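Notes to accompany the following structure.
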Amino acid sequence: MYFERAHISDGELLAFYKALLYPRLVEEKMLLLLRQGKVSKWFSGIGQEAIAVGATLALDNDEWILPLHRNLGVFTARQMPLQQLFHQWQGSTLGFSKGRERSFHFGSRQHHICGMISHLGPQLSIADGISLAHKLKKEDKVSLAFTGEGGTSEGEFHEALNVAAVWDLPVIFLIENNGYGLSTPVEEQYRCEQLVQRAAGYGMRGMRINGNNLLEVYHAVKEAKRHALQEQQPVLIEAMTFRMRGHEEASGTKYVPPALLEEWAKQDPIQHFEGFLEYLQLINTEGIHDIRETLKQEIDREINTALAAVSPPVSIGDELKDIYAPPPSPIPPIANGATHDKRFIDAISEGLDQAMEQYPNLILMGQDIAEYGGAFKITDGFVAKYGKERVRNTPLCESAIVGAGLGLSIMGYKSMVEMQFADFVTCGFNQIVNNLAKIHYRWGQTADVVIRLPAGAGVGAGPFHSQSNEAWFTHVPGLKVVYPATPADAKGLLLAAFADPNPVLYFEHKALYRSISGPVPEAPYTIEIGKAKVVQAGEDVSIITYGAGVHWALEYAQQHPQLSIHILDLRTLLPLDYTAIREAVAATGKVLILHEDTLTGGLGGEISAWIAEHCFSLLDAPVMRCAGLDTPVPFAAPLEKNFLAKTRMHQCIEQLANY
């Protein structure tokens, strides 16, 4: 194995050696502790250390790295305390993720490491957002994201590379090609001769290197960084290596031909680098032994101290507290301030405009939102006012753009991602429910991202442009879900969503865009997320609803003045305002939960169950639900009308009132 020293000094070479050796010795200790039952699981990177260590040494300490399972060398090269790392691997509450995550599924802002999720590909898109932030700040910094050869088959690999290329982002994508995805060999994973060939398809530079050669990795990443910054382009590196142990220790390596293991054992990165240092006469056998023993003793001290530590008791309060980052206090409208009559759609546009003025670090992203102004023209004129850096058209890659939003958040930016229709959110589902929602709970990183979702039926748009899919997300801790019904609430909740450091899904009903108007305060204000609103008080029947359902309920109440109807507009669906729900139950004792979403699995089932469990003594009749049919949303107007809950309201309310 040939080593290109270039201008690396003797002292640096010895430091590189210790950085390469240290994670190997830590792993050997962990494998021993695994057999003793003191750690429960281990993903081994033995034989692959040169990639993680070389890449980390090539970057500045404040450049973000997004590692995966086998990149212990990233964490150790960034000088993360071994005691706390061991607590992490134990699942102790003293670890970086407070016991909430395993192995390397965690990050640290202090060390500029972003924790992975098991879905692998989403890491790449977060790197896009981080590098976009560097670009906006005019900083000469790159981000580096790891993936395995298996991960290159995921759609997010394509999306992330395409976005980085189209937006000219200084990102380094580093493929660790170690021969197997769990047990699936590379010949069953892809048909191109080399994965680096894919770089050409995205118009970016590609490099293929020996991943077991520490200095080759180091120089390649240095060169990739130089190119990325100078040319403002991403770079794809394929580092060839081999996984010498199982995907994780329990899976073993029986599927690997023994000759292949023997061949790669001869290319061990540590042995070859030791030989190189001996050739340079920087070290000898005795010196190697002394360094190994010194590092082993250091590792033993750290581990023994960690083993003696006592974890604090589990606290439900602490668990719930860390789901969300603390939001700011609401800003009420100015007393006696000026108001103007606005359509629902115009209130959203005004709120978005005022948020752009209030937050210079707010970036808007979505398909056709720039010069075209968006599918519904909500951002019409924004490019002229705020520029294309802040109002960004995106390729059709919802997942990568949501991931980029998270990357921007890591860098202190706010972002809005517009789904052209709420139905298309399925293409970004993984990033939302597994990355945005969980990241604060996992390692304290906020996800300051607002996702706007034009939703709902009544406009003849058919099954793929009409869904009310809010219930998909109300099951996910860490998200906030709002669904305004009036222009004033649309603006106030949107501004609250931007003020909130947590991920907020903002549903806006398309049928309300140009059909509903109302007074809206001119000055900026926020409506507290998590607070419902009593639309009107009543004594006979309570209707708990949101979105278009509020207008159905009001219309019905006006058409049936003989009934005193209490109407509660939830406004926020996660977290729910249980106090207001209880008060609505107490007001009449008879409750109808009304929503456009389908009956089965709709939010009404959760609310009904909570009322039955907590408000049973207040009820004078069974809780009833009125919802959309359990079918897709049909296209033809008569079918769509039949689908909507509005057509069945009278029957439900009459039955409830007469109970």
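The values are calculated or read from the model by the stated rules, or taken from the named source; none is laboratory data. These figures come from a predicted structure and were not determined experimentally. All Cβ positions, glycine included, derive from the backbone under ideal geometry; neighbour counts span all protein chains shown. Please note that ligands, DNA and RNA were not included when accessible areas were found on the heavy atoms of the full protein model with its side chains. Shrake-Rupley method; radii C 1.70, N 1.55, O 1.52, S 1.80 Å.
Being under 18 Å from residue 167 (Cα atoms) and either assigned by the TED database to the domain that holds residue 487 or of a type in the set (A, V, I, L, M) (or both) holds for only one residue in 352, 408, and it is 408.
Enumerate the pairs (first residue in the stretch 185-201 and basic (Lys, Arg); second residue anywhere and exposed (fewer than 14 other Cβ atoms within 10 Å of the Cβ)) with beta-carbon separation below 8 Å, excluding pairs fewer than 6 apart on the same chain, so at least 6 apart or on different chains. Going by the 8 Å Cβ cut-off, the qualifying pairs are 198/192.
Of the residues screened, residue 257 is not one that is touching a residue at least 12 places away in the same chain (Cβ under 8 Å) and over 33 Å from the mean Cα position of the chain (by Cα). For first residues located in the stretch 281-310 and farther than 13 Å from residue 82 by Cα, partners that are open to solvent by 90 Å² or more (accessible area, probe 1.4 Å) and lie 6+ apart or on another chain with Cβ distances below 8 Å form the pairs 291/18. Against the list (1) out of contact with any helix residue (DSSP H, G or I) (no Cβ under 6 Å at 6 or more places or on another chain); (2) open to solvent by 40 Å² or more (accessible area, probe 1.4 Å); (3) of a type in the set (A, V, I, L, M, F, W, C), the condition residue 161 fails is (2). Taking the criterion of being polar (S, T, N, Q) and touching a Leu at 6+ places or on another chain (Cβ under 9 Å), the residues of the stretch 375-419 that qualify are 379, 409, 415.
Within the stretch 281-289, is even one residue open to solvent by less than 70 Å² (accessible area, probe 1.4 Å), in a helix (DSSP H, G or I), farther than 30 Å from residue 498 by Cα and out of contact with any Ser or Thr (no Cβ under 7 Å at 6 or more places or on another chain)? Checked against the condition, which is being open to solvent by less than 70 Å² (accessible area, probe 1.4 Å), in a helix (DSSP H, G or I), farther than 30 Å from residue 498 by Cα and out of contact with any Ser or Thr (no Cβ under 7 Å at 6 or more places or on another chain), the stretch 281-289 yields at least one hit. So, residue 620, is that one over 28 Å from residue 335 (Cα atoms) and touching a residue at least 12 places away in the same chain (Cβ under 8 Å) or not? Taking the combined requirement at face value, the residue satisfies it.
Within the stretch 479-524, if we keep just the residues that are in a helix (DSSP H, G or I) and touching a Ser or Thr at 6+ places or on another chain (Cβ under 7 Å), the residue that is nearest to residue 447 (Cα to Cα) turns out to be 499. Name every residue in the stretch 8-46 that is closer than 23 Å to residue 289 by Cβ and without any contact (Cβ under 8 Å) to a residue 24 or more places away in the chain, in order of residue number. Within the stretch 8-46, 11, 12, 15, 28, 32 meet the criteria. Entry remark, the stretch 525-536: residues being within 14 Å of residue 547 (Cα to Cα) and in a loop (DSSP other than H, G, I, E, B) number 1 in total. The condition of being open to solvent by less than 10 Å² (accessible area, probe 1.4 Å) and either part of a loop (DSSP other than H, G, I, E, B) or not aliphatic (A, V, I, L, M) (or both) holds for only one of 404, 325, 335, that being 325.
Mind listing whichever residues of the stretch 450-471 are open to solvent by 40 Å² or more (accessible area, probe 1.4 Å) and at negative phi? Scanning the stretch 450-471 gives 459, 463, 464, 465, 467. Only one of the listed residues (476, 459) is at pLDDT below 95 and assigned to a loop (DSSP other than H, G, I, E, B). That residue is 459. Candidates in the stretch 367-382 are the residues that are of a type in the set (Gly, Ala, Ser) and farther than 16 Å from residue 508 by Cα; of these, the one that is surrounded by the fewest Cβ atoms within 10 Å (Cβ to Cβ) is 381.
Considering 58, 133, the condition of being closer than 17 Å to residue 176 by Cα and modelled with pLDDT of 95 or more is satisfied by 58 alone. In the stretch 67-126, of all residues being crowded, with 24+ Cβ neighbours inside 10 Å and among the small types (Gly, Ala, Ser), the one that is modelled with the lowest pLDDT corresponds to 121.
Residues that are crowded, with 16+ Cβ neighbours inside 10 Å, touching a residue at least 12 places away in the same chain (Cβ under 8 Å), farther than 28 Å from residue 532 by Cβ and not acidic (Asp, Glu): does the stretch 344-357 have at least one? Checked against the condition, which is being crowded, with 16+ Cβ neighbours inside 10 Å, touching a residue at least 12 places away in the same chain (Cβ under 8 Å), farther than 28 Å from residue 532 by Cβ and not acidic (Asp, Glu), the stretch 344-357 yields at least one hit. Comparison of 136, 144, 120, 94 shows that the only residue that is of a type in the set (A, V, I, L, M) and part of a helix (DSSP H, G or I) is 136.
Within the stretch 138-151, if we keep just the residues that are open to solvent by 10 Å² or more (accessible area, probe 1.4 Å) and in contact (Cβ under 8 Å) with a residue 40 or more places away in the chain, the residue that is nearest to residue 196 (Cα to Cα) turns out to be 148. Do you know which residues across the stretch 26-48 are open to solvent by 10 Å² or more (accessible area, probe 1.4 Å) and in a helix (DSSP H, G or I)? Within the stretch 26-48, 28, 29, 31, 32, 34, 35 meet the criteria. Can you confirm whether residue 550 is within 33 Å of the chain's Cα centre (by Cα) and open to solvent by less than 10 Å² (accessible area, probe 1.4 Å)? Yes; evaluated as a whole, the condition is true for this residue. A count restricted to the stretch 1-25 and to residues that are small (Gly, Ala, Ser) and open to solvent by less than 40 Å² (accessible area, probe 1.4 Å) stands at 1. It is to be established whether one or more residues within the stretch 553-566 are in a loop (DSSP other than H, G, I, E, B) and buried (at least 23 other Cβ atoms within 10 Å of the Cβ). Checked the stretch 553-566: no residue is in a loop (DSSP other than H, G, I, E, B) and buried (at least 23 other Cβ atoms within 10 Å of the Cβ).
Yes or no, residue by residue, for (1) more than 27 Å from residue 304 (Cβ to Cβ); (2) of a type in the set (Gly, Ala, Ser); (3) without any contact (Cβ under 8 Å) to a residue 40 or more places away in the chain:
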{"residue": "48", "(1), (2), (3)": "yes, no, no"}
{"residue": "51", "(1), (2), (3)": "yes, no, no"}
{"residue": "56", "(1), (2), (3)": "no, no, yes"}
{"residue": "60", "(1), (2), (3)": "yes, no, no"}
{"residue": "65", "(1), (2), (3)": "yes, no, no"}
{"residue": "73", "(1), (2), (3)": "no, yes, no"}
{"residue": "80", "(1), (2), (3)": "no, no, yes"}
{"residue": "88", "(1), (2), (3)": "no, no, yes"}
{"residue": "94", "(1), (2), (3)": "no, no, no"}
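A single entry from 430, 361 fulfils the requirement of being in contact with a His (Cβ under 6 Å, 6 or more places away or on another chain), surrounded by fewer than 23 Cβ atoms within 10 Å (Cβ to Cβ) and touching a residue at least 12 places away in the same chain (Cβ under 8 Å): 430. Among the residues of the stretch 424-445, is there at least one that is part of a loop (DSSP other than H, G, I, E, B) and over 20 Å from residue 118 (Cα atoms)? For the stretch 424-445, residues part of a loop (DSSP other than H, G, I, E, B) and over 20 Å from residue 118 (Cα atoms): absent.
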